[in-house]
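Colleague: Handing you this structure, nothing more for now.
The values are calculated or read from the model by the stated rules, or taken from the named source; none is laboratory data. Model, not experiment: these values are computed from the prediction. Because the Cβ atoms are built from the backbone with ideal geometry, glycine has one as well, and the counts that use them run over all protein chains shown.
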Amino acid sequence: MDALGSVGGWLVFFAVSMALMQMGLWRRRGGGLFSALLPGLLPALVLCGSQFLDLQRTDLPEVKADRAEWAAYAKKMAAEQAPDKDQAEDRATLEQLYLETAEAQPAGKFCLIMVVLAPLAVWLRRRHARHGLSADPGPLSRWSVPWALVWLVLGPAFWIIAARHGLVSAPQWADHLALNALTVGSIIFLFQGIVIAGAKMGTWARDPRTRTLAWLAMAVLAFTLLFADRFGLLQVFMFMLLVTGLLEPWVDLRRLNAPAPRPKGPDQA
C-alpha cells in the first residue's frame, strides 16, 4: 500500500506540473523549445527546497540518522577505492567528496524531475505549434540555454572557491545552497554541451568533406563509454561537454548568430 501511495503521489505531482506547463504556454503563446518547463518545475522547486531546509536542521533525529548512515557509506566507498596505506590523503578526499554529494541530494532530485518533465515540455510546445497557437520553436539542434543562466554555474563556483580559501565567511547552509545551485547549473549546461556536440556531428555527417570526422567522433565516444571506468575518460569527456555548453553564449560554436550570406549580384553569378 505504501508503494501504491508513493506512485499515486508522484502521479499527482506530475499531473500538477503538466497543468502548470499547459497554463504557462497559454499565457505566453510562444517562446523556445523548453519554454513550458519553467512553470512545470515550480512544484519540484517547492519539494526540493523543503528537502534542502530539512537537511539543514541537523538537530532532527532523522536527519542525524541519515547523515550518520551516509558518512558510514562514504567511508566505506573511500576505503574501497583507495585501499592502500599510502593513499590516506586520497581516501580523505574521496570521503569528503561523498559527503558533499549528500548535501546535493535536493539538487539531484530536482534534476531527475527536470529530466522527466523536459520531454513533456517539448511535446506540449510542439503541440501548440502544430495547432497554430504559437510559432514553430525550431529543432533541438538550434536550442540554447538563456545566457543569464550561466551565472547558475559561475556564481556558485566562485562562492565555493572563495569559501574554501577563507575569503568569505557565511553559515554552512550558504555553502550547501551554492553546491546545490552548481549541481543544477552544471546539469543544464552539460545538456547544452551534448546538444552542441550532436549538432556539430550532424553537420559533419551531412558534408562529404567532413563525414570522416563524424565517424571518428562516434568511435571516440564509443571507446570512452566502453572503457570509462578503466581510464577515467568519461569524467574528462563530461567536463569537456560542460565547458562547451558554458562557452556557447560567448563563442557561438554552432554559428547560430552568423550573418546570412549576401545574395550574389548578376556579375558574381
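Colleague: Quick check on my filter: what residues within region 141-159 are over 13 Å from F189 (Cβ atoms) and either in contact with a helix residue (DSSP H, G or I) (Cβ under 6 Å, 6 or more places away or on another chain) or in a loop (DSSP other than H, G, I, E, B) (or both)?
Modeller: S141, W159
Colleague: Given R209, R262, which one is among the charged types (D, E, K, R) and modelled with pLDDT of 80 or more?
Modeller: Result: R209 is the single residue among R209, R262 that is among the charged types (D, E, K, R) and modelled with pLDDT of 80 or more.
Colleague: Restricting to region 127-140, count the residues that are outside any loop (DSSP other than H, G, I, E, B) and touching a residue at least 24 places away in the same chain (Cβ under 8 Å).
Modeller: Final tally of qualifying residues: 2.
Colleague: May I pose another question? Tell me, please, whether a residue that is in contact with a Phe, Trp or Tyr (Cβ under 8 Å, 6 or more places away or on another chain), assigned to a helix (DSSP H, G or I) and under 26 Å from A118 (Cβ atoms) can be found in region 160-174.
Modeller: no
Colleague: Could you say which residue among E80, E103, E69 is crowded, with 16+ Cβ neighbours inside 10 Å and either in contact with a Lys or Arg (Cβ under 6 Å, 6 or more places away or on another chain) or charged (D, E, K, R) (or both)?
Modeller: One residue alone meets the criteria, E103.
Colleague: Let me ask you something else. Given (1) modelled with pLDDT of 75 or more; (2) over 30 Å from L182 (Cα atoms), identify the lone condition not met by Q268.
Modeller: All conditions pass for Q268, except number (1).
Colleague: State which residue is farthest from A118 (Cα to Cα) when the search covers only region 15-25 and only residues that are surrounded by fewer than 20 Cβ atoms within 10 Å (Cβ to Cβ) and touching a residue at least 40 places away in the same chain (Cβ under 8 Å).
Modeller: Out of the qualifying residues, it is Q22.
Colleague: Could you list, in sequence order, all residues of region 52-66 that are at pLDDT below 90 and surrounded by 12 or more Cβ atoms within 10 Å (Cβ to Cβ)?
Modeller: D54, L55, Q56, L60, V63, K64, D66
Colleague: Restricting the first residue to region 47-75 and requiring it to be without any contact (Cβ under 8 Å) to a residue 12 or more places away in the chain and among the basic types (K, R), which pairs with a second residue that is surrounded by 13 or more Cβ atoms within 10 Å (Cβ to Cβ) and not in a loop (DSSP other than H, G, I, E, B) meet a Cβ separation below 9 Å and a spacing of at least six or different chains?
Modeller: Going by the 9 Å Cβ cut-off, the qualifying pairs are R57/V63.
Colleague: Could you check, for region 131-144, whether at least one of its residues is modelled with pLDDT under 85, within 27 Å of F14 (Cα to Cα) and surrounded by 19 or more Cβ atoms within 10 Å (Cβ to Cβ)?
Modeller: yes
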